[in-house]
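This is the structure I want to talk about, given as structure tokens.
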Amino acid sequence: MKATTRLSHTAKPESTAVRYLARQRRQRRLIALAALAVLISLLVDVATGPGAYALPDVLKALVAPSEVSRILEIVVWEIRLPVALMAIIVGASLAVAGAEMQTLLDNPLADPFTLGISSAASFGAALAIVLDFGLLPVAGTLLLTGNAFLLAMFASLAIWALSRLRGVSIQTMVLMGIAIMFFFNALLGILQYVASAESLQQLMFWSLGSLDKASWGKLGLAGLALMITMPAFIRARSQLTALRLGDVQAKAMGIDVGRLRLRMLLCCALLSATAVAFVGTIGFVGLVGPHIARLLVGEDQRVFLPMSALTGALILSLTSILSKTLIPGILLPIGLLTALIGLPFFVSLILRSRRETWR
Amino acid sequence: MTLTIDHLDCSLGKRRILHDVSGLSASPGEITALIGPNGSGKSTLLKAIAGIEAASGRIRLGERQLDALSLEQRSQCLYYLLQDTSTQAALSVFEAVLLSRRTQVAEPAATALSAVERALTSLELDPLAERELVTLSGGQRQRVAIAQAIVRKPKLLMLDEPTSALDLHHQLQVLDYLRRLARREGIVIVLAIHDLNLAARFADHLWVVKEGRHIVSGMPEQVLTPERLRDIYAIEAHVEWPIDAPPRVIPLSALHRLGD
């Protein structure tokens, strides 16, 4: 054993567990800070808009609606709060879906957009706007939402089902997603080609993403999707983290990788379909939200999952504020602004970080 | 708790990889080295035992009939460590080892943390505990992977070419550690390895597979003979077993030359 430095049992004075717990506390502090930032952003979002109400009045309307004017109560409770909350729920949904898609498909570019889910939803919306055709027996704005949701689910299930045919390889899934994106983009192109100028404009407006059609009912449904999927992600947190070590190592840890991937992809599909159906195609949040979270707290899902949700919520909430304030009196489409608000923060994090992961 | 394997068959798609592999056994407290040419089915054999590849046949570990257990149930008593331990996961060393433990048992946090601490200490990973996996060298990552294995306290530990990415120092260090681990904990260790000199030096027992079949097994001095090496690898080799020095396998030439 001459050439061998023997690995021996030597106790170190400072325990690694103590250092780990300190790291965990730092991570939790960051999560708490992000939650606080989301809350502040929510309040500012509610206070911002046409009709200059002071922040104290708005806060009063939130806690004691009966003590403010009827108009302010309606503005806050019926118009601004649903929109502001929708920004948070949709932002969180998109970021969580993106985070888990990136994890499940071992691909830093995976998100509802790159996998064709948004393209499918856009085609569904176009069916309603251009042809007035509904996949569900409903009318009005629900026609569009229903179409978008059904086709987004269909796209996800198609990736899921096609991948099953040849075993569940992640490359297959990503390729299927890209194929589906091109397929629905082509169908969408055909509808745009035959559409009238008026429906084309409407379609364009929808595809830029907008929160201003938010209502308590839609908010409930979007929140429900998050409430159904989050417990599933939380239950599978260790397994999802283990997937990042590679399929074989995850299997060696006793994880049925194929089943986990299919189950969790269904949850991602539900989240992204709901988000896209209610607010249109809002890019960037699902892609970059998780990357920012990863840079801040790493990829242990115990902290990565809540941090992704909060980052996504914060990006979309800040965007919502910006969309109302950038040009006074004009409400800009939110999908246009997500990149503008997220990108500077993202680039600065990348430049400051010397980490070598695919973040 | 002896590992025994009989009539093991395994196919990947339509290709049959393992053909009725029988008569293999590995004893607790010992290192069994699995040797054979490239593509002979070494990795598949280990994965089939772990339940990662579907296979038919009898695999027993002591009283446990592994072939009747699911992947998850098998992972309670065995662990398979793959050849390539590189990862891009944004996890610290401590988080990665803790994760391995958490995927196996649900237990109070304090118990898990102290188990991780012991595993890290025994592999001298304390100073690296907070480092991210991506920043580690190949040798350090291999030690983390072994820590992920031992924190689960497996009865059977299988390693796929654990030394192939390591320099000489780390090769000797890791194999020496594994041998002491086997002796101390009385676990069965099976490792697939290409380096016959390391196999001869550290293994108590050798399994030889070729073209998916079990060719021979036994003590290194029984298996590593010039005649056998000609059969197994199609090479001419010189083998020395000095009394006061490690065994030496000196490959001389390949029987088949490329281009002939």
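Here, each number is a calculation from the coordinates, and none is a lab measurement. Note that the structure is a prediction, hence the values are computed from the model and not measured. Note that each Cβ is placed from the backbone with ideal geometry, even for glycine, and that neighbours are counted across all protein chains shown.
Can you check how the C-alpha radius of gyration of chain B compares to 2.2 N^0.38 Å, as a plain ratio?
Normalised by 2.2 N^0.38 Å, the Cα Rg of chain B equals 1.03.
If you don't mind, another one. Positive end of the charge dipole of chain A (Lys, Arg +1 and Asp, Glu -1 on Cβ, about the Cα centre): tell me which of A:T281, A:L336, A:M264 has its Cα farthest that way.
A:M264
Another question, then. If you take every DSSP beta bridge fully contained in the protein assembly as shown, what fraction is antiparallel? Give it as a percent rounded to 5.
60 percent
Now, a different point. Please list 3J(HN,Hα) in residue order for the range A:287-302, calculated via the Karplus relation 6.51 cos²θ - 1.76 cosθ + 1.60 where θ = phi - 60°; whole Hz, with x for glycine and proline.
Karplus-based 3J(HN,Hα) across the range A:287-302 equals 8, 8, x, x, 5, 5, 4, 4, 5, 7, 10, x, 10, 5, 4, 4 Hz.
How big is the Cα convex hull of the range A:230-359 in projection, averaged over all directions, in nm²?
Answer in nm², one decimal: 8.8.
Give me the distance in nm between label points sitting 7 Å out from Cα along the Cα-to-Cβ direction at B:S86 and B:D244, one decimal.
If labels sit at B:S86 and B:D244, their model points lie 4.4 nm apart.
Per the Kirkwood treatment, what hydrodynamic radius in Å, one decimal, follows for chain A from the mean inverse distance over all distinct Cα pairs?
21.7 Å
Taking the Cα atoms only, what angle lies between the long axis of helix B:138-150 and the longest principal axis of chain B, rounded to 10 degrees?
Tilt relative to chain B: about 70 degrees.
In a Gaussian network model over chain A where Cα atoms closer than 10 Å are linked, find which of A:A125, A:A339, A:A52 has the largest mean-square fluctuation.
Highest fluctuation of the listed residues: A:A52.
May I ask for the distance between the Cα centers of the range B:43-77 and the range A:73-107, given as a whole number of Å?
Taking the Cα centre of the range A:73-107 as reference, the centre of the range B:43-77 is 44 Å away.
Assigning unit charges at the beta carbon (Lys, Arg +1; Asp, Glu -1) and nothing else, what dipole magnitude in debye, to the nearest 20, does the protein assembly as shown show about its Cα centre?
820 debye
Turning to a different aspect of this structure: Could you tell me whether the range A:68-111 comes out rounded, prolate or oblate from its Cα gyration tensor? Rule is a ≥ b ≥ c as square roots of the eigenvalues, rounded for a/c under 1.5, then prolate if a/b exceeds b/c, otherwise oblate.
Here the range A:68-111 falls in the prolate category.
Continuing with this model, one more query. Between the range A:311-335 and the range A:259-291, what is the separation of their alpha carbon centroids in Å?
What the calculation gives is 20 Å, centre to centre.
Ratio to report: Rg/Rh of the protein assembly as shown, with Cα atoms as the point set and Rh obtained by the Kirkwood method; give two decimals.
1.07
Of A:L316, B:L18, how do they rank once you tally other Cβ atoms within 10 Å and put the fewest first?
B:L18, A:L316
Relative to the first principal axis of the alpha-carbon coordinates of chain A, what is the inclination of helix A:216-235, with its axis defined by its Cα atoms, in degrees from 0 to 90 and to the nearest 10?
The angle comes out near 10 degrees.
Enumerate the lysines that A:K60 could reach by cross-link, defined here as Cα to Cα under 30 Å, with residues fewer than 8 away along the same chain left out.
Reachable lysines: A:K213, A:K218, A:K324.
Same structure, new question: Excluding same-chain residues fewer than 8 positions from B:K210, which lysines have a Cα within less than 23 Å of its Cα?
Output for B:K210: B:K14, B:K42, B:K47.
A further question follows. How many angstrom separate the Cα center of the range A:41-70 from the Cα center of the range A:196-247?
27 Å
In chain B, what percentage of the DSSP-assigned beta bridges are antiparallel, given to the nearest 5?
That works out to approximately 60 percent antiparallel.
What fraction, in whole percent, of alpha-carbon pairs in the range A:67-204 exceed 26 Å separation?
38 percent
Expressed in whole Å with the largest first, what are the equivalent ellipsoid semi-axes of the range B:64-161 derived from the C-alpha gyration tensor as the square root of 5 times each eigenvalue?
23, 16, 11
Follow-up question, since we're still on this one. In which sequence would A:I334, B:I243, A:I228 go, from the one with the fewest C-beta neighbours within 10 Å to the one with the most?
B:I243, A:I228, A:I334
For the range B:1-63, which GluC sites (Glu not before Pro) are both in a DSSP coil and crowded by at most 13 other Cβ atoms within 10 Å?
Here the GluC sites (Glu not before Pro) that fit, given the DSSP loop and packing criteria, are B:E63.
Identify all aspartates and glutamates with a Cα-Cα distance to A:K251 below 12 Å; exclude those on the same chain that are fewer than 8 residues away in sequence.
A:K251 reaches B:E53, B:E72.
According to the square roots a ≥ b ≥ c of the eigenvalues of the Cα gyration tensor, what is the shape class of the range B:114-177, taking rounded for a/c under 1.5, prolate for a/b larger than b/c otherwise, and oblate for the remainder?
Taking the square roots of the gyration eigenvalues as a ≥ b ≥ c, the range B:114-177 is oblate.
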